[in-house]
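Just so it is clear, none of the values below were taken in a lab; they were calculated from the coordinates. Here the structure is a predicted model, which means the values were calculated and not measured. Cβ coordinates were reconstructed from backbone atoms using ideal geometry, including for glycine residues, and neighbour counts include every protein chain displayed.
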Amino acid sequence: MHLAQLNVAHLIAPIDGPELADFVAALEPIYAIADSAPGFVWRMKQSDDPTEVITHEYGDDLLVNVSVWESREALWNFVYRSPHLELLRRRREWFLRTAVPYTLMWWVPEGHVPTLGEAMERLESLRTRGPGPEAFTFKEFYEPGAAGASPSRAEIPQ
Amino acid sequence: MKSDDLESMSVLADPVRRDLYRFVAAQGRDVGRNEAAEATGVQRTLAAFHLDKLVDAGLLEADFRRLNERRGPGSGRPAKVYRRSGPERTVSLPPRDYRTLALVLAEVVDRLDGDSEGQDAARRTGERLAAASENTTLTDVLVERGYEPYEEDGRIRLRNCPFHVLAETHPVLVCSMNLAMCEGLLRGLGEDRLTAALDARPGECCVVFAAKDVSG
């Protein structure tokens, strides 16, 4: 099984405005780091534009990305152990704070290419029903095929 | 505190073992018996004995690896190598548990969206720590704080994350605060030739120090 992820963010200003300039400038190098990261499988693209932002029907202020990874560790190392971490550190300069979950993961069979619709449905499931095998987070992570199993909670100190 | 943590520590009562442990931990890679023996000035068999005691206590982990490139007949058996083991040991007498409280507080800061207040407090703390330290160079202060600094390509990188457990549960908050604390250390030392930045990679602290770019 591979690990799919969706990430959504509400922009504080139009994507082509001066407020977002630093973020937009970071897109190409960050995409390049993702694409060559160990364990990277796929990410959603609509064109060959290296600075592309996915367009969709969920609102112009909503930035989305969907990608697939070989394992939790591969995704973790890209998100938190690469130059991507610096973008997360600066996220309040570009994105609104949301009280609801803005990122989630789920397992897909190898070769499956997730759609944005499928990903957004799972985000809705996470927001309304909480984490489960069909939509979960790093903090409340579910191993593949563990339907009904309890999450491996990273939070509990040993 | 788990009772086996205390037992692990007591294994380090032997000074030869302490030297071996420090040497292996400081390399940040697999270390063979010969190399460890030479570095600590003891015989190879004695080094091997003590290294294996450290493995038994869970402080080091052992592996077998070919130390040279030769293959096939005559290349010899794979050598036993050692590296520091991942799990952390904490001994506090009487028992104290700051980790659980830190996890709770990190959760609170996250929920209150208090990143920037967290960073401000961390920067002030770094400044105070550096100003109060007997050490006057950045490297010495980083050693004192447990970062295990080393040099790579003219920059100072940090082998150890002193806040590892929290960096796993609240990575963005903790790494941002850590960067701010490192900036505070520079300020507290009056070290204005260097600058701290995030450059995270797996298995290490997220911060690096580099000479300030004075060209711009």
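Key figures
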| read-out | value |
| --- | --- |
| Interatomic Cα distance distribution for chain B, bins of 5 angstrom, percent | 1, 6, 12, 14, 15, 15, 13, 10, 6, 4, 2, 1, 0 |
| The stretch B:170-183 - phi-based ³J(HN,Hα) in whole Hz, Karplus 6.51/-1.76/1.60, Gly and Pro as x | 9, x, 5, 4, 5, 5, 5, 5, 5, 4, 4, 5, 5, 4 |
| Under 5 Å, built H, 5+ apart or other chain: amide partners of residue B:79 | B:65, B:66, B:67 |
| Inter-label distance, nm, simple model (7 Å from Cα along the C-beta direction), residue B:18/residue A:88 | 3.8 |
| Highest-MSF residue in chain B out of B:39, B:106, B:122 [GNM, Cα springs under 10 Å] | B:39 |
| Separation of the residue B:112 and residue B:210 label points, Cα + 7 Å toward Cβ, nm | 3.5 |
| Between the stretch A:34-48 and the stretch B:103-147, the alpha-carbon center distance in angstrom | 36 |
| Environment charge of residue A:97, counting only residues whose C-beta is closer than 15 Å and scoring Lys/Arg +1, Asp/Glu -1 | -1 |
| Karplus 3J(HN,Hα) series, Hz, for the stretch B:145-150 with 6.51 cos²θ - 1.76 cosθ + 1.60 (x for Gly, Pro) | 7, x, 7, 6, x, 8 |
| Structure-based [θ]222 nm, chain B - -39500 (n - 2.57) summed over DSSP H runs of at least 4, per residue, nearest 500 | -15500 deg cm²/dmol |
| Calculated over the protein assembly as shown: convex hull of Cα atoms, volume per residue (Å³) | 206 |
| Estimated [θ] at 222 nm from DSSP helical runs (n ≥ 4, -39500 (n - 2.57)) normalised by residues in chain A, nearest 500 | -8500 deg cm²/dmol |
| Highest-MSF residue in chain B out of B:195, B:125, B:100 [GNM, Cα springs under 10 Å] | B:100 |
| Inter-label distance for residue A:57 and residue B:44, nm, one decimal - labels placed 7 Å from Cα along Cα-to-Cβ | 7.2 |
| FRET efficiency for residue B:194 and residue A:129, using Cβ-Cβ distance with R0 set to 45 Å, rounded to 0.05 | 0.35 |
| FRET E, pair residue B:105, residue B:77, Förster distance 45 Å, beta-carbon r, rounded to 0.05 | 0.30 |
